[in-house]
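Here's the structure, in structure tokens; my notes come after.
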Amino acid sequence: MTDAPTPLTEEERALVATQLASRRSVANRFATIAAIPSILFVLKVVLDGAGRGSKGAALLGLAIAFVIVVGLLVWYFGYRLVSLLGADLAAGEKRRITGKIERITSEGNAYGETITYVTVGGERFVTRGRFFDRCRGGEPVTLDILPRSRVALTGRVLEAEETR
């Protein structure tokens, strides 16, 4: 069950702003890590291919394609969530959903963070909230989520009489 959108509280705005800053920092690190070998590869291609005619042009085309692919990866795995979180913060609204936790998975990333994915009502949400680390799955919960980025801000386990 999904409720109508409601405004974010000041505490929630601060939480989203903190998550946005953290995610932007991770995205910037990812972009920097991806940019260094990309720049070195492009420089090598340009310097090796200079003056080789059509072979040099083909190598330059390969280098451009490589940069585009790396850029798309950086966008998808880095800045996409940053832009969606920014849009949620600008809109200033959240949704409340109620249902049973169908699945919880936690994964570590290369930056030492643990990211938890929770599935409720067939929808998958991402979170870093410690609340979800204590859940096992199957509990009836109420979640406050950001609609664009699909980030679960808070959760609460419903008591038996609340679920009736």
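The values are calculated or read from the model by the stated rules, or taken from the named source; none is laboratory data. Just so it is clear, the model here is predicted, and its values are computed rather than measured. Cβ atoms come from the backbone with ideal geometry, glycine included; neighbour counts cover every protein chain shown. The accessibility values were calculated without ligands, DNA or RNA, using every heavy atom of the protein model including side chains. Shrake-Rupley method; radii C 1.70, N 1.55, O 1.52, S 1.80 Å.
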> Taking region 75-114 as the search range and keeping residues that are among the polar types (S, T, N, Q) and more than 21 Å from residue 33 (Cα to Cα), which one is most open to solvent (accessible area, probe 1.4 Å)?
Replying inline: 106
> Looking at (1) among the acidic types (Asp, Glu); (2) part of a strand (DSSP E or B); (3) within 22 Å of residue 1 (Cβ to Cβ), which is the only condition residue 107 fails?
Replying inline: (3)
> Any idea how many residues of region 26-36 are open to solvent by 70 Å² or more (accessible area, probe 1.4 Å) and either farther than 27 Å from residue 114 by Cβ or touching a residue at least 60 places away in the same chain (Cβ under 8 Å) (or both)?
Replying inline: 1
> For region 47-74, which residues satisfy the criterion of being under 32 Å from the mean Cα position of the chain (by Cα) and open to solvent by 60 Å² or more (accessible area, probe 1.4 Å)?
Replying inline: 62, 64, 66, 67, 68, 69, 72, 73
>> If a residue must be free of Cβ contacts under 8 Å to residues at least 40 places away in the same chain and open to solvent by 70 Å² or more (accessible area, probe 1.4 Å), how many such residues does region 5-21 contain?
In response: 3
> Taking only pairs six or more apart or across chains, which ones have beta-carbon atoms under 6 Å, a first residue in region 119-145 that is touching a residue at least 24 places away in the same chain (Cβ under 8 Å) and basic (Lys, Arg), and a second residue that is open to solvent by 40 Å² or more (accessible area, probe 1.4 Å) and not in a loop (DSSP other than H, G, I, E, B)?
Replying inline: 124/117
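Hey, among 144, 88, which residue is outside any strand (DSSP E or B), of a type in the set (Asp, Glu) and within 24 Å of residue 6 (Cβ to Cβ)?
When all the criteria are applied, what remains is 88.
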